[in-house]
Protein chains: 2
Amino acid sequence: MTVYNFAAGPATLPDPVIKQIQEELPSLDGTGMGILEISHRSSLFDNIINTAEQDLRDLMHIPDNYHILFFQGGGTGQFAAAPLNLATNHKRIALLDSGHWATRAGDEAANLGVQVDVLASTKDDHYQELPQMPNPISNKDYDYLHITTNNTIEGTAYHQLPEHGNVTLVGDLSSNFLAEEYKVTDFGLIFAGVQKNVGPAGVTIAIIRDDLVKPVEHIPSILNYNLFVKKNSMFNTPPVFAIYASGLVLKWLKQQGGIAEIERINRQKSALLYDFLDDSKLFSNHIKKTDRSLTNIPFTTGDADLDKQVIQATTDAGLMNLKGHRSVGGLRASLYNAMPLAGVQALVDFLHNFERQH
Amino acid sequence: MTVYNFAAGPATLPDPVIKQIQEELPSLDGTGMGILEISHRSSLFDNIINTAEQDLRDLMHIPDNYHILFFQGGGTGQFAAAPLNLATNHKRIALLDSGHWATRAGDEAANLGVQVDVLASTKDDHYQELPQMPNPISNKDYDYLHITTNNTIEGTAYHQLPEHGNVTLVGDLSSNFLAEEYKVTDFGLIFAGVQKNVGPAGVTIAIIRDDLVKPVEHIPSILNYNLFVKKNSMFNTPPVFAIYASGLVLKWLKQQGGIAEIERINRQKSALLYDFLDDSKLFSNHIKKTDRSLTNIPFTTGDADLDKQVIQATTDAGLMNLKGHRSVGGLRASLYNAMPLAGVQALVDFLHNFERQH
């Protein structure tokens with residue numbers, strides 16, 4: 001039975017990457033030492049981290065005035081790092097509340113003493129569409145505007161960025177990072193936990209414009225952008241394996257034709273499922289069409305018991321981890337870069353048959 | 001050629017562990033999904049993290065009133081977490097300056113606004129012996145005393161803990177964690193980056209006494225002990241793979257007979273090298289005998305150029321990563337749990353021959 005893993009993250013990785021990791025696990029480049037055992041100060045690892053950085057720079061067309069940093073601590077770590085490093089002038093940030101992770105980012109900033117102005121929220125609409133900017137904003141008021149480009153739980157995504165005037169834009173891209181094209185220069189800071197589209201959980205990528213990197217005192221070193229820039233992400237021991245594995249996925253993505261091509265495939269994959277859901281009399285997705293995510297698609301029969309039956313039946317058929325997030329219920333299919341079109345086709349075929357037999 | 005890796009960390013792992021990871025990388029427990037791809041919310045991973053925790057509890061005889069936590073961010077993360085969570089009463093801690101990593105811990109605490117009293121330092125002696133407590137201390141003055149049980153760079157270790165009166169003892173055990181026996185109940189908090197004796201870089205273990213875990217506000221969530229206790233180390237996505245791999249090493253360690261037995265072997269391994277060095281007319285180790293580390297052994301010919309020759313010759317012979325830390329120079333052999341006696345024997349044989357031919 002072919003197994004397809006629709007988990008929201010950590011998530012499926014490309015088969016050739018898994019195979020390469022497996023093959024070279026006991027000995028990397030004929031050294032007799034594996035990636036789990038080499039020093040982060042070795043030339044071997046220097047080459048790995050520098051190649052990963054360059055490949056990411058190529059893929060996202062990241063200009064030279066942006067630094068690429070590898071942190072530990074996930075998006076949650078960056079929810080703290082962003083205000084600690086950047087909200088130093090007004091100690092006040094703006095936020096568009098598009099769902100769970102935007103709220104979490106705001107809570108973390110507020111807990112660290114930063115004023116968080118929620119400019120708009122679609123909470124009352126169960127986050128089934130994106131909040132829109134109500135009024136122009138200015139850098140006279142805000143250190144930055146935080147947005148979550150893709151809402152993993154709710155299934156929405158900003159395909160066009162909100163107007164933000166001269167305010168620095170901070171984007172949590174975790175769940176559609178490298179899955180659709182964004183212009184890096186629209187952002188002052190981008191961050192993403194890799195465990196959706198890039199690699200195994202354990203490393204977080206931050207891309208930050210040089211003028212935003214300034215010495216900041218009295219904050220933990222492991223969240224200090226300036227220190228990480230100075231030390232090329234090796235202020236302390238980095239998560240060697242997670243960076244290596246992410247590097248292999250970046251190479252794989254280049255071989256697939258880069259982000260423009262993977263976005264085309266992701267649009268094809270998501271359209272396949274959305275079209276089915278929109279035609280279905282049993283299943284539906286409630287997200288406003290223009291705001292629909294390419295990578296995370298929640299859907300439901302509208303009947304919690306029946307949803308449970310579908311989840312059980314899909315699991316039995318090797319279509320794994322389709323249970324929706326507890327806050328939304330129903331089902332959710334995460335179609336990250338490594339999910340092949342065949343997997344989505346298998347899911348649609350299964351749901352179609354389930355509906356016919358129902 | 002058999003390769004032995006004497007790196008100071010990340011470091012060599014047990015061969016059977018590498019083999020098991022390799023075998024089950026594409027599919028864990030017949031699920032069709034590998035450890036790099038499974039959700040941290042899956043029952044599969046619940047079992048992995050709970051088993052790792054129980055095995056560690058068994059190995060170190062950790063009583064029920066201590067929590068075992070898995071963090072990201074390494075020892076450097078804990079250098080911040082410890083003062084942020086524990087130095088809340090006096091905002092003042094005591095420190096024994098035994099070398100580079102003790103200094104780094106003190107600097108991080110000071111940078112976060114905590115007063116750090118260095119009670120004793122052996123800096124003037126190039127850290128070739130351990131600092132001793134000059135006077136009794138009291139919890140009326142200090143939130144805790146920080147010590148580095150094993151000094152990775154300098155090659156010393158506390159085989160007996162310093163007197164600390166009623167002051168909570170915080171131990172950075174990173175480089176001899178599970179390599180020699182300590183009594184957990186002597187400490188309020190133990191932490192260790194795993195990348196020496198336990199697993200691949202990317203997870204940090206903290207063991208904390210329950211009464212020290214209290215709600216603390218205005219600190220980053222990823223460093224918040226109370227949150228991690230509440231959420232069983234899953235406040236956010238944990239480093240799944242690093243925890244899994246560490247869990248396999250813990251199982252392996254149990255199979256070796258536990259810490260008492262591995263300490264016996266580590267004493268045998270280190271004695272083999274120390275005895276050679278003490279007998280040698282070419283090589284020497286300058287550390288005070290009672291303070292010598294079991295896991296990190298610096299040595300030198302006393303001639304920087306000749307040291308370089310030795311490093312090159314050992315590398316050519318498959319005895320890898322013997323270059324000493326830049327602050328100490330010379331050579332350093334790290335003999336962590338996964339380094340077999342045969343590796344140390346090969347090193348001693350090589351050095352013996354080098355000396356004869358010199």
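Read-outs throughout are calculated quantities, based only on the coordinates presented, and are distinct from any laboratory measurement. Remember, predicted model here, so these are calculated numbers, not experimental data. Note that we place each Cβ from the backbone using ideal geometry, even for glycine, and neighbour counts take in every protein chain shown.
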Cut-off 13 Å between beta-carbons: net charge of the residues surrounding A:F350, Lys and Arg +1, Asp and Glu -1: -2
All-pairs alpha carbon distance profile, the protein assembly as shown, 10 Å steps from 0, percent: 3, 15, 24, 25, 18, 10, 4, 1, 0
In percent, how large is the relative contact order of segment A:15-255, given Cα pairs closer than 8 Å and 6 or more residues apart? 25
Which of the GluC sites (Glu not before Pro) found in segment B:215-296 are loop residues per DSSP with 15 or fewer other Cβ atoms within 10 Å of their Cβ? B:E217
Mean Cα-pair separation over length for segment B:288-358, i.e. relative contact order, pairs under 8 Å, 6 or more apart, %: 33
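Would you mind working out the magnitude of the charge dipole of the protein assembly as shown relative to its Cα centre, with +1 at each Lys and Arg C-beta and -1 at each Asp and Glu C-beta, to the nearest 20 Debye? Please list the in-between numbers first.
Working: 56 positive and 80 negative charges, 39 e Å.
Approximately 180 debye in magnitude.
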Just in segment A:134-233: which trypsin sites (Lys or Arg not before Pro) are loop by DSSP and have at most 13 other Cβ atoms within 10 Å? A:K140, A:K183
In deg cm²/dmol, rounded to 500, what helix-only [θ] at 222 nm does chain A give when every DSSP H run of at least 4 residues adds -39500 (n - 2.57) and the total is split over its residues? -11500 deg cm²/dmol
Distance in nm between A:Q312 and B:D141 label points, each 7 Å along Cα→Cβ, equals 6.7
Lys, Arg +1 and Asp, Glu -1 on Cβ, resulting dipole of segment B:258-357 about Cα centre, debye, nearest 20: 240
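Work out, step by step, the length gained on full extension between A:T2 and A:V118: first 0.36 nm times the residue separation, then minus their alpha carbon distance; give nm to one decimal. Write out the running numbers ahead of the final one.
Values: separation 116, 0.36 × 116 = 41.76 nm, distance 4.47 nm.
The A:T2-A:V118 span can extend by a further 37.3 nm.
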Of the candidates B:W101, B:A82, B:H61, the farthest towards the positive dipole end of segment B:55-136 (Lys/Arg Cβ +1, Asp/Glu Cβ -1, centred on the Cα centre) is B:A82
Between B:G199, B:T149, B:P131, whose Cα lies farthest towards the positive end of the dipole of segment B:15-255 when Lys and Arg beta carbons carry +1 and Asp and Glu beta carbons carry -1, centred on the Cα centre? B:G199
Under a GNM of chain A (C-alpha, springs under 10 Å), which listed residue has the highest mean-square fluctuation: A:G199, A:G302, A:G106? A:G302
Set the Förster radius R0 to 22 Å, insert the Cβ-Cβ distance between B:H126 and A:M234 as r into 1/(1 + (r/R0)^6), and round the FRET efficiency to 0.05. 0.30
Test of the criteria: in segment A:326-358, which trypsin sites (Lys or Arg not before Pro) are in a DSSP loop and have at most 12 other Cβ atoms within 10 angstrom of their Cβ? A:R326
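Count the net charge of all other residues whose Cβ sits under 12 Å from the Cβ of B:S334, scoring Lys and Arg as +1 and Asp and Glu as -1.
Values: positive: B:K196, B:K269, B:K323, B:R332; negative: A:E37.
Charge balance near B:S334 sits at +3.
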Efficiency of FRET between A:A304 and B:K214 - r from beta-carbon atoms, R0 45 angstrom, step 0.05: 0.70
Using alpha carbon centroids, what distance separates segment A:256-283 and segment A:18-81, in Å? 30
Candidates A:T237, A:T103, A:T314, ranked by Gaussian network fluctuation over chain A, Cα under 10 Å, top entry: A:T237
Cα→Cβ-extended label distance, 7 Å offset, between B:H90 and A:Q20, nm: 5.4
Using 19 Å as the cut-off for backbone N distance, which residues of segment A:17-58 belong to the label zone defined by a point 7 Å from the Cα of B:R326 along Cα→Cβ? A:39-50
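Of B:K140/B:K183; A:K231/B:K230; A:K214/A:K289; B:K231/B:K251; B:K196/B:K289; B:K123/B:K254, which sit over 30 Å apart, Cα to Cα? Mind showing how you got there, number by number?
Values: B:K140/B:K183 24 Å; A:K231/B:K230 34 Å; A:K214/A:K289 41 Å; B:K231/B:K251 24 Å; B:K196/B:K289 23 Å; B:K123/B:K254 38 Å.
Checking Cα-Cα distances, A:K231/B:K230; A:K214/A:K289; B:K123/B:K254 exceed 30 Å.
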